[in-house]
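K.L.:
First, the structure itself, so that you have it in front of you.
The values are calculated or read from the model by the stated rules, or taken from the named source; none is laboratory data. Here the structure is a predicted model, which means the values were calculated and not measured. Here the Cβ is made from the backbone with ideal geometry for all residues, glycine too, and neighbour counts use every protein chain on show. Heads up: the accessible areas ignore ligands, DNA and RNA and are worked out on the full protein's heavy atoms, side chains in. Shrake-Rupley method; radii C 1.70, N 1.55, O 1.52, S 1.80 Å.
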Amino acid sequence: MNKLLLRSSYFYNLPVEQIAQYPVENRSGSRLLHLDKNDGTVTHKNFSDITSFFKPGDILVRNHTKVIPARLFGKKTTGADVEIFLVDEIETNIWNCLVKPGRRLMPGAQVVFSDSLKAEIIDMADEGMRKICFKPATDLFNEIDKIGKTPLPPYIRRAAEQKDKETYQTVYSRIPGSVAAPTAGLHFTDEILASIQDMGIEIIDVLLHVGLGTFRPVKNDNIQNHSMHSEFCTISQETADKINLAKKEGRRIIAVGTTTCRTLESFAESGQLTHGEKWTNLFIYPGKSFQIIDGLITNFHMPESTLLMLVSAFGGYESTMKAYNEAVAEKYRFFSYGDSMIII
């Protein structure tokens, strides 16, 4: 079998102490590895140097989703403690959720979180989840902002702290709905974004609500047999028009993160960007082509993950894995709160 289709081809050794448990004090204070897409060379920078990779006329595209404090702790009307984790919004105030313990939360069960927020289990859902109808006193997102806990990734081995509500959120987050951060964007500050705009670079937004599938391991030896979870994404007509014009004029499209990349490529048709909203399960791995993006800013991803496969597709498999091994050797910090990488 082609080695690029083998899950094991995307393994690398990472010392556990290089998995970042906290962000750096200043968002832009992380390191930045540059992988040259043309010749595969690697250089080491700081994220504050990011502006040096842009030129006037570029378009920087980012995902302005907002992480919600998706972990909710409540009590059944019997007094039993329960935990509910919001996963996918089906319709207004109705979500597919993970629940704990499952035996206590069967259809018909009532849960109280606060005087202003209650819920009812209305049905079973796929993969052991429950379909839950929330009954907020006002807006649901306002209510869960008051009581919810930030859903930190499983490789961050500590309890969420109050400051994670700010640090596990991009400075440009706008639309609530994600249960994981689009982490490549965590490094940007308002000052860096202003500097980029001052250079004559347009910054535009797309939306993809990041789901738990971003942490779902690839279990099949042949990665083509992996099934991606669907995530909701949307692109406006104005955004599509701007990007299509830039492509026509030969200007570069630089994506902030794999979620932005997947959104853009999910709406690509014959080299053009369409607009609208959809649920995407697009899986990009080596051998797949890119129609829209010319550059990618990203964090360092888990071994054998779909995110690493996407990065390998864009940067080239051999070059990407070489860069990852060099990042390990150079003691970069990895994953959500870790250092960054630009491929251009």
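K.L.:
Has segment 177-184 got any residue that is hydrophobic (A, V, I, L, M, F, W, C), over 24 Å from PHE47 (Cβ atoms), in contact with a Leu (Cβ under 9 Å, 6 or more places away or on another chain) and free of Cβ contacts under 8 Å to residues at least 12 places away in the same chain?
P.N.:
no
K.L.:
Would you list the strands (runs of 3 or more DSSP E) that sit entirely within segment 94-181 and hold 1 or more residues that are within 30 Å of LEU307 (Cβ to Cβ) and not aliphatic (A, V, I, L, M)?
P.N.:
Here the list reads 94-100, 130-136, 175-178.
K.L.:
Among the residues that make up segment 130-142, is at least one of them of a type in the set (A, V, I, L, M), open to solvent by 20 Å² or more (accessible area, probe 1.4 Å) and closer than 30 Å to ILE19 by Cβ?
P.N.:
The initial filter retains those residues of segment 130-142 that are of a type in the set (A, V, I, L, M), namely 132, 137, 140.
If we keep only those that are open to solvent by 20 Å² or more (accessible area, probe 1.4 Å) too, we end up with 137.
Now restrict to residues that are closer than 30 Å to ILE19 by Cβ: none.
No, the conditions are met nowhere in segment 130-142.
K.L.:
Only one of (1) open to solvent by less than 30 Å² (accessible area, probe 1.4 Å); (2) within 28 Å of HIS187 (Cα to Cα); (3) modelled with pLDDT under 90 is not met by ASP88, so which one is it?
P.N.:
Looking at each condition in turn, ASP88 falls short on (1).
K.L.:
Given the criterion in contact (Cβ under 8 Å) with a residue 60 or more places away in the chain and open to solvent by 20 Å² or more (accessible area, probe 1.4 Å), identify the matching residue among PRO286, PRO303.
P.N.:
Exactly one residue qualifies, and that residue is PRO303.
K.L.:
Examine segment 240-256 for a residue that is outside any strand (DSSP E or B), in contact with a Ser or Thr (Cβ under 8 Å, 6 or more places away or on another chain), open to solvent by 10 Å² or more (accessible area, probe 1.4 Å) and touching a residue at least 24 places away in the same chain (Cβ under 8 Å), and state whether such a residue exists.
P.N.:
no
K.L.:
Please count how many residues of segment 306-344 are assigned to a helix (DSSP H, G or I), of a type outside the set (A, V, I, L, M), open to solvent by 20 Å² or more (accessible area, probe 1.4 Å) and out of contact with any Ser or Thr (no Cβ under 8 Å at 6 or more places or on another chain).
P.N.:
Of the residues in segment 306-344, 5 are assigned to a helix (DSSP H, G or I), of a type outside the set (A, V, I, L, M), open to solvent by 20 Å² or more (accessible area, probe 1.4 Å) and out of contact with any Ser or Thr (no Cβ under 8 Å at 6 or more places or on another chain).
K.L.:
In segment 17-49, what residues are loosely packed, with under 15 Cβ neighbours inside 10 Å, touching a helix residue (DSSP H, G or I) at 6+ places or on another chain (Cβ under 9 Å) and part of a strand (DSSP E or B)?
P.N.:
If the condition is that a residue be loosely packed, with under 15 Cβ neighbours inside 10 Å, touching a helix residue (DSSP H, G or I) at 6+ places or on another chain (Cβ under 9 Å) and part of a strand (DSSP E or B), then HIS44, ASN46 are the ones that fit.
K.L.:
Okay, moving on. Every residue in segment 50-79 that is in a loop (DSSP other than H, G, I, E, B), open to solvent by less than 40 Å² (accessible area, probe 1.4 Å) and not small (Gly, Ala, Ser), please.
P.N.:
PHE54, ASP58, HIS64, ILE68, PRO69
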